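Structure first, then comments.
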Amino acid sequence: MSTTFAVETHEPAVVLGTSAPEARPVIQLDHIHKTYTMGDVEVHALRGVSLTINEGEFVAIMGASGSGKSTTMNIIGCLDRPTRGTYILDGEDVSQMSKDERADIRCKKIGFVFQGFNLLSRTSALENVELPMLYLGVDAAARHERAIEALNAVGLQGREQNHPNQLSGGQQQRVAVARSLVNHPALILADEPTGNLDSRTSVEVMEIFQRLNRERGITLVLVTHEPDIAEYADRVIVFKDGKIKSDHPVEHRRSAAEELKNLPVIEDEDEEDE
Amino acid sequence: MNLLMIIRVAFRALVRNKMRAALTMLGIIIGVSAVIAMVSIGQGASASVQAQIESIGTNLLFVSAGAQNVGGVRSGTGDTGNQNLTVDDLEAIKREVPSVSMVTPSVNARSQLVAGNMNWNTNVTGVSEQYPDIRKWPVATGSFFTDADVRTAARVIVIGKTLADNLYAGADPIGQDIRVMNLPFRVVGVLAAKGQDQQGRDQDDVAFAPYTTVQKKILGRDRIQIAYVSAISQDATYTAQSQITDLLRQRHKLTANEPDDFTVRNMTDIAEAANETSKTMTILLACIAGVSLLVGGIGIMNIMLVSVTERTREIGIRMAIGARSSAVRSQFLIESIVLSLTGGAIGIVLGVALSLAIPAFLGWPTLVSMMAIVGSVLFSAAVGIFFGYYPARKAASLDPIEALRYE
């Protein structure tokens, strides 16, 4: 049916009216425990977290520091392994995979967006976006084409050759979003993506996330400690003391696109296309 | 991710830090060019010694008076005060040793030579008429003196090119008189120019007279310091050497347990000794240059370690995005190999250029050795791998979560 999105293959940029996410699970966490040993002390970061996120969902994970939300994010992002429990990502059990296997999974299935942008310095926006495809083994011509396309999707056409230090914070974060998109991942994981941005730029980035989620059906997991940012998602999960405290849909979901229309446009030379 | 891409990534990383890459490479550049230049100098010296020895003639033997035994090495050219090598001995060698074709004594007299209002200080060497054939040194103009001149102790002289130029300044010296110790000598020939020898001495600053004349008229004594003997062939030199030794021991009435009071050496031995010397020198020079290559390698390791620490965040980003540990390790390893190989390549160009420039500026002969070039390439690649491996492993072993958090 027309609402099905095969995440492994490339889709045209504009497909409208796919609001109902179908119930295919992308993330299945089953009784996840994570215990760190610091010297003689055992720290229980996660104490049995079970959670399912379906394809096309936009989930915000919240919680105070020490609540286990970062640990959860690291496990979801295959940067870390659970001590106990199973994690099935896109139909594949990744909970006991080796370092290299997890690297491959991250490469193919997960796009990362970080608080500090984490772009390679002294490297053009285009090359930064090409980077994940380099590790996937995409040939040069396709790399170039897909990177250009991803940069267009985040509204950065004409900025391909700029280096991160020639871009504003919002633009840098958009490059990072383009980079996360480019391997057509099953999931984009955004860790405090607006933490270093001012409020208008934050709304702009959220607008891109909402658009990608809506138009391409991309599954998004957003870690944030700002309640108003969490309201751009359609579901909010709150962590406390290594467990899920609450998990509920967002009642009055904010639309970043609507808000942008009402926000006064601060015209600086870098923000021309909205 | 294939090798070509890793190489490109490595190149890009180096290009991003041009100054640092250039300075790091400098160590390898200096090392490699030093090795090549040093080996070229050594090989050049060796080749020119070899060529010189060959030009003298490999069937040449030296017989000298007295025996010196210094550190187990026999050398008889020193003045030992013994007067035990005589003209009769040489006559006997010529007469009785079948493997010997020619003999000439060589007696030196340092003298002032005067021609007209010009004068010049040089060695007048007394030799027999066979000297030009033994030393393979032809006469350019005029002729060498004859057997009869030697027998009659005639006052004739054959001069080298330098003397001819300095005493006669372009005029023909043949038939002119040169005064040696106030005795007039008639110039009968000028020898072909030889140029400088290995040590830079002018080989044309010489004069030759019959040995009988030098002994009687200049030195006033008939001792012989050294004689040149020509064997009938190169193969015959060892036979000639032992036959001469036997003959001289017999003539000098030496008993079996008495040491030789003379020394016989052949050119082949001297050539080998010279070869040995220049080989040792080449190895020594290469080793010293090799140390600088090693230091260059340590420089690479140092920079790569700094680079890994500095780029911890980059490593974290690459890993988070999907780089395997092996890709990160390869990237850093290839960066260091690229550094050392690029340095090596520039070093080769510089080293070869130096080797070609040295003869022009210092007057030393050089010979660019293919082996040194190949050796330096392999060595610099090995340096890159060896000194790059540890930093690369360090980079690959980083934990992506920790690395991303690194400020």
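The numbers here are math on the coordinates, done by the rules we state, and not lab data. Quick caveat, the model's predicted, so the values are computed rather than measured. Positions of Cβ are backbone-derived with ideal geometry, glycine not excepted, and every protein chain shown enters the neighbour counts.
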Within region B:279-321, the residues whose backbone N lies under 20 Å from a label point placed 7 Å from the Cα of B:Glu402 along the Cα-to-Cβ direction are B:304-321
In order over region A:80-86: 3J(HN,Hα) from phi, Karplus 6.51/-1.76/1.60, θ = phi - 60°, whole Hz, x for each Gly or Pro, gives 9, 10, x, 6, 9, x, 10
Net charge near B:Gln250 (other residues with Cβ under 15 Å of its Cβ; Lys, Arg +1; Asp, Glu -1) is -4
Sorted on mean Cβ neighbours within 10 Å (highest first), peptides A:137-149, B:89-101 come out as B:89-101, A:137-149
Per the charge dipole of chain B (beta-carbon charges, Lys/Arg positive, Asp/Glu negative, Cα centre), the residue among B:Ile6, B:Ala22, B:Val114 reaching farthest to the positive end is B:Ile6
Honestly region B:85-260 on the Cα gyration tensor test (a ≥ b ≥ c root eigenvalues; a/c under 1.5 rounded, otherwise a/b vs b/c for prolate or oblate) is just prolate
Note: A:131-137 gets an average of partner chain Cβ contacts (10 Å, Cβ to Cβ) equal to 6
Averaged over residues of B:243-249, the number of beta carbons from other chains lying within 10 Å of each residue's Cβ is 0
Between the modelled labels at A:Ala64 and A:Gln161 (7 Å from Cα along Cα→Cβ) the distance in nm is 5.2 nm
Computed about the Cα centre, the charge dipole of region B:85-260 from +1 Lys/Arg and -1 Asp/Glu charges at the Cβ has a magnitude in debye, to the nearest 20, of 420 debye
Note: B:129-138 gets an average of partner chain Cβ contacts (10 Å, Cβ to Cβ) equal to 0
Relative contact order in percent for chain A (Cα pairs under 8 Å, 6+ apart) equals 26 percent
Expected unfolding gain across B:Ala140-B:Ala22 under the 0.36 nm per residue rule, minus the alpha-carbon gap, is 36.8 nm
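Summing Lys, Arg as +1 and Asp, Glu as -1, what charge do residues with Cβ under 13 Å from the Cβ of B:Asn182 carry, B:Asn182 excluded?
So the environment of B:Asn182 carries a net charge of +2.
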Between B:Gln234 and B:Ala169, Cβ-based FRET efficiency (R0 30 Å, step 0.05) works out to 0.15
Plugging the Cβ-Cβ distance of A:Thr52 and B:Ala382 into 1/(1 + (r/R0)^6) at R0 = 35 Å yields, to the nearest 0.05, a FRET efficiency of 0.05
If every Lys and Arg gets +1 and every Asp and Glu gets -1 at its Cβ, then about the Cα centre region B:224-264 yields a dipole, in debye to the nearest 20, of 120 debye
Expressed in angstrom and rounded, the centroid-to-centroid distance over alpha carbons for region B:274-297 and region A:148-201 is 56 Å
Heads up, region A:180-244 by the C-alpha gyration tensor (a ≥ b ≥ c square roots of eigenvalues; a/c under 1.5 rounded, else a/b over b/c prolate, else oblate) looks oblate
Residues whose modelled amide H sits under 5 Å from the amide H of A:Ile32, counting only those 5 or more places away in sequence or on another chain, are A:Gly48, A:Val49, A:Ser50
Placing each pseudo-label 7 Å from Cα in the direction of the beta carbon, B:Tyr389 and A:Lys261 end up separated by a distance in nanometres of 6.5 nm
The answer for chain B, counting only DSSP H helices whose Cα atoms cover 24 angstrom or more along the axis and whose Kyte-Doolittle average is 1.0 or greater, is B:18-56, B:267-310, B:325-362, B:370-396
Note, A:Val59: beta-carbon cut-off 14 Å, +1 each Lys/Arg, -1 each Asp/Glu, net -3
quick note, chain B, DSSP beta bridge pairs, % antiparallel (nearest 5) is 80 percent
Sequence order, region B:123-128: Karplus ³J(HN,Hα) from phi using 6.51 cos²θ - 1.76 cosθ + 1.60, θ = phi - 60°, Hz rounded, Gly and Pro as x, gives 8, 9, 9, x, 9, 8
For region B:85-260, percent of DSSP beta bridges that are antiparallel (nearest 5) comes out at 75 percent
Answer in debye to the nearest 20: the dipole magnitude of the protein assembly as shown about its Cα centre, from +1 Lys/Arg and -1 Asp/Glu charges placed on Cβ, is 2280 debye
Given the candidates A:Thr194, A:Gln157, B:Gln331, the one whose Cα lies deepest towards the positive end of the charge dipole of the protein assembly as shown, counting +1 at each Lys or Arg C-beta and -1 at each Asp or Glu C-beta, is B:Gln331
In the protein assembly as shown, taking the dipole from +1 charges on Lys and Arg beta carbons and -1 charges on Asp and Glu beta carbons about the Cα centre, the listed residue (B:Ala392, A:Ala142, B:Val127) farthest towards the positive end is B:Val127
